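Chemist: Take a look at the following structure, please.
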Amino acid sequence: MSCTQRFVSNYPVGRTEMRIHNLYADETGESHFRDLEIEWMEDRGYSQLSETMPATGIIFRRTVGEYNLDWHPAPRRQYIVNLDAAVQITASDGEVRIIKAGEILLVEDTCGKGHLSAAVDGKERHSLFIPIE
């Protein structure tokens, strides 16, 4: 296959299939969830790629299974990728989400009341923090 040939794909460029949970604070400091969709910018036939996102590093984290943290804002804007266990996050507006293993959370509630974080099913959790500031 030459460099100019492309794979034929069933996935059109721009199709949005990857969801990211986003926790953000509004102008009054109340935290809320919304869903963000990743837009595919390149189709390689066997995979699709988003645009390159900015990041400033990576932090590896291990969290004990009895984790139950009171109200707190995120320390920085960052992606959190759960590798092997879930976390329960409660926004200050009352919405509760279980972010499962393999899912991605973008935390942006760096001001205001913040959110609650708790372990799920008493399981230790390994995750990646990817700061974006």
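Chemist: Out of the total accessible area of the chain (probe 1.4 Å, heavy atoms of protein only), what percent is carbon and sulfur?
Modeler: Of all accessible area on the chain, carbon and sulfur atoms account for 51 percent.
Chemist: Which GluC sites (Glu not before Pro) in the stretch 28-117 sit in a loop by DSSP (not H, G, I, E or B) and have at most 11 other Cβ atoms within 10 Å of their own Cβ?
Modeler: E51, E66
Chemist: Another question about this same structure. Once you place label points 7 Å from the Cα toward the Cβ at Y67 and E51, how far apart are they in nm?
Modeler: Between Y67 and E51, the label points sit 3.1 nm apart.
Chemist: Let me check I've understood the local charge: for C111, count other residues with C-beta under 14 angstrom from its C-beta, Lys and Arg +1, Asp and Glu -1. What total comes out?
Modeler: Charge balance near C111 sits at -3.
Chemist: If contacts are Cα pairs under 8 angstrom and at least 6 residues apart, what is the relative contact order of the chain in percent?
Modeler: About 32 percent, as a whole number.
Chemist: If you don't mind, another one. Rounded if a/c is under 1.5, else prolate if a/b beats b/c, else oblate: with a ≥ b ≥ c from the C-alpha gyration tensor eigenvalues square-rooted, which is the stretch 77-130?
Modeler: oblate
Chemist: Something else: If you count only protein heavy atoms with a 1.4 Å probe, what accessible area per residue comes out for the chain, rounded to a whole Å²?
Modeler: Normalised by residue count, the accessible surface of the chain is 61 Å².
The values are calculated or read from the model by the stated rules, or taken from the named source; none is laboratory data. Since the model is a prediction, treat every value here as computed from it, not as a measurement. Methodologically, a virtual Cβ is constructed for each residue, glycine included, from the backbone with ideal geometry; neighbour enumeration extends over all protein chains shown. Only protein heavy atoms, including side chains, enter the accessible area calculation; ligands, DNA and RNA are left aside. Shrake-Rupley method; radii C 1.70, N 1.55, O 1.52, S 1.80 Å.
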